[in-house]
Amino acid sequence: AAEKAEEAHIRRLTDAAANPKLQKEVPRFEEWFLGRYMKEWCEGQQNKPSTITEKQSIFDHHLRGFFGALKLDDIDVGVIQRLKAALNEGGNRYKKPLSLKTRNNVLAVVSNALRYAEEVGLIDEAPRIRQYKFERPVIECWQLDEWRRFLDAARRDGPGMLVAALLAGDAGLRLGEVLGLRWDDVDLIAERLMVTRQIRKGTEGTPKGGRRRSVPMTASLSTALRALPQVRVARVVCGSDGAHVAEAALKHGVYRVCRRAGLPGRSWHTLRHTFATHAARFGVNPWRLQAWLGHSTISMTMRYVHHVEEHHRPIPNDILTAGNAMTDPDERVIAMLGARSVSPDHLRGNSVATGPRSLTST
């Protein structure tokens with residue numbers, strides 16, 4: 001047996017010497033990134049258009065000038081550390097240091113490109129890339145009285161802005177999901193929304209994470225949807241003439257509503273944070289909240305639960321009363337969420353006039 005093993009080993013050596021393996025030509029990083037990586041990995045893996053655009057932007061702003069001309073096998077741990085040092089100084093374009101989250105996004109793109117080069121055999125081993133550990137920023141959300149003030153200002157801005165705000169603040173939709181919502185996704189009988197698409201930078205795609213989800217509607221959101229003066233076709237949030245609403249219209253519009261409500265200016269995503277923190281405060285099951293928000297991991301959802309634990313606030317009696325009549329835990333939370341979206345004027349039976357202003361107004 002030993003002699004046979006020795007003979008087999010000698011044959012392998014002689015065969016390898018007689019038929020030498022041709023050395024593959026290793027491309028430069030720029031050629032690889034913009035060529036095979038973009039075509040085979042990004043398109044082959046069906047990355048969303050917004051993801052491809054983000055990767056292209058990271059390459060243009062941070063990677064092209066740093067090691068775009070280097071060959072893939074010249075990029076080792078030392079080169080990666082020099083890139084990290086450059087990003088700490090502001091990269092090739094910015095004078096101030098980039099945030100740790102932005103730096104991690106850049107490193108993730110580099111790591112993904114080099115690991116795929118290893119998988120296809122262009123390099124023997126991709127260098128290990130250590131990402132930064134950092135504490136996530138404090139969650140910004142509206143308190144219950146601030147949320148009611150915000151909604152009152154949204155009502156005065158017009159029915160379109162009110163519905164858009166409630167889709168985010170009462171159902172947890174992201175900005176792109178609000179823009180992409182169609183009437184086909186709205187079930188006013190069952191009072192549920194199907195989140196199946198989003199619009200980012202004018203391009204329609206799947207929601208973040210690629211997962212569709214079903215979200216219950218509060219009574220306030222259902223009422224606002226039924227009151228929209230439009231034919232229930234195409235997109236739910238649209239201009240007064242039925243035209244699509246630009247992403248910038250809502251991004252800038254939320255600051256206009258904040259000013260009208262006498263609140264500090266905060267971004268559109270604050271409305272989603274408000275929905276999540278209020279649902280956690282009202283006792284929602286974290287895994288149910290994860291499904292409503294469309295989070296890929298429960299750890300992302302638990303951030304809101306921990307935030308509520310650290311910033312305890314009493315729940316007003318009118319909101320508690322709205323949930324007492326419900327025996328189902330999820331229905332109780334939805335009833336309480338809907339009650340917080342009713343302004344004191346509406347509770348007294350007074351209506352707040354809605355102006356004719358369009359979402360597309362400046």
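Figures for the structure shown
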| item | result |
| --- | --- |
| Per principal axis, descending, Cα span of region 252-296 in whole Å | 35, 21, 10 |
| Among R11, R313, R36: highest mean-square fluctuation, GNM of the chain, C-alpha pairs under 10 Å | R11 |
| Rg over Rh [alpha-carbon atoms, Kirkwood Rh] for region 17-170 | 1.18 |
| At 1.306 mPa s and 10 °C, Stokes diffusion of the chain via Kirkwood alpha-carbon radius, µm² per second | 67 |
| Exceeding the 30 Å Cα-Cα cut-off - candidates K133/K208; K55/K133; K39/K251; K55/K251 | K39/K251 |
| Reachable aspartates and glutamates from K71, criterion Cα separation under 16 angstrom, eight or more residues apart if same chain | E25, E30, E31, E118, D124, E125 |
| ³J(HN,Hα) computed for each position of region 290-297 - Karplus, 6.51 cos²θ - 1.76 cosθ + 1.60, integer Hz, glycine/proline x | 4, 5, 5, 7, x, 6, 7, 9 |
| Within-12-Å neighbourhood charge of A279 [Cβ basis; K, R +1; D, E -1] | +3 |
| Whole-Hz ³J(HN,Hα) from phi, Karplus 6.51 cos²θ - 1.76 cosθ + 1.60, for region 212-219, glycine and proline x | 8, 8, 10, 10, x, 9, 7, 4 |
| Simple label model, 7 Å out from Cα along Cβ direction - Q45 to S99, nm | 2.3 |
| Acute angle (nearest 10 degrees) that the helix 77-88 long axis makes with the longest principal axis of the chain, alpha-carbon atoms | 30 |
| Angle in degrees between helix 2-18 and the longest Cα principal axis of the chain, rounded to the nearest 10 | 90 |
| Sequence-separation-based contact order of region 165-266, relative, with Cα cut under 8 Å and 6+ spacing, percent | 26 |
| GNM result for the chain, Cα springs below 10 Å: residue of L98, L179, L166 fluctuating most strongly | L98 |
| Mean Cβ count within 10 Å, highest first, over the residues of peptides 235-243, 144-152, 201-209 | 144-152, 235-243, 201-209 |
| Three-way shape call for region 136-237 based on the alpha-carbon gyration tensor, with the a/c threshold at 1.5 | oblate |
| Kirkwood hydrodynamic radius of region 1-73, Cα pairs, Å | 15.7 |
| Helix-only CD estimate at 222 nm, as mean residue ellipticity for the chain, using -39500 (n - 2.57) per DSSP H run (n ≥ 4) | -15000 deg cm²/dmol |
| Probe 1.4 Å, protein heavy atoms only - accessible area per residue of the chain in square angstrom | 54 |
| Percent breakdown of C-alpha pair distances by 5 Å bin, ordered from the shortest bin, for region 106-151 | 5, 17, 14, 11, 8, 7, 6, 8, 8, 7, 6, 4 |
| Per-peptide average of other Cβ atoms within 10 Å, ordering 128-135, 279-286, 155-162, 3-10 highest first | 155-162, 279-286, 128-135, 3-10 |
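The values are calculated or read from the model by the stated rules, or taken from the named source; none is laboratory data. A quick note: this is a predicted structure, and the numbers were derived from the prediction, not measured. Neighbour counts are summed over all protein chains in view; Cβ atoms, including those assigned to glycine, are modelled from backbone coordinates with ideal geometry. Heads up: the accessible areas ignore ligands, DNA and RNA and are worked out on the full protein's heavy atoms, side chains in. Shrake-Rupley method; radii C 1.70, N 1.55, O 1.52, S 1.80 Å.
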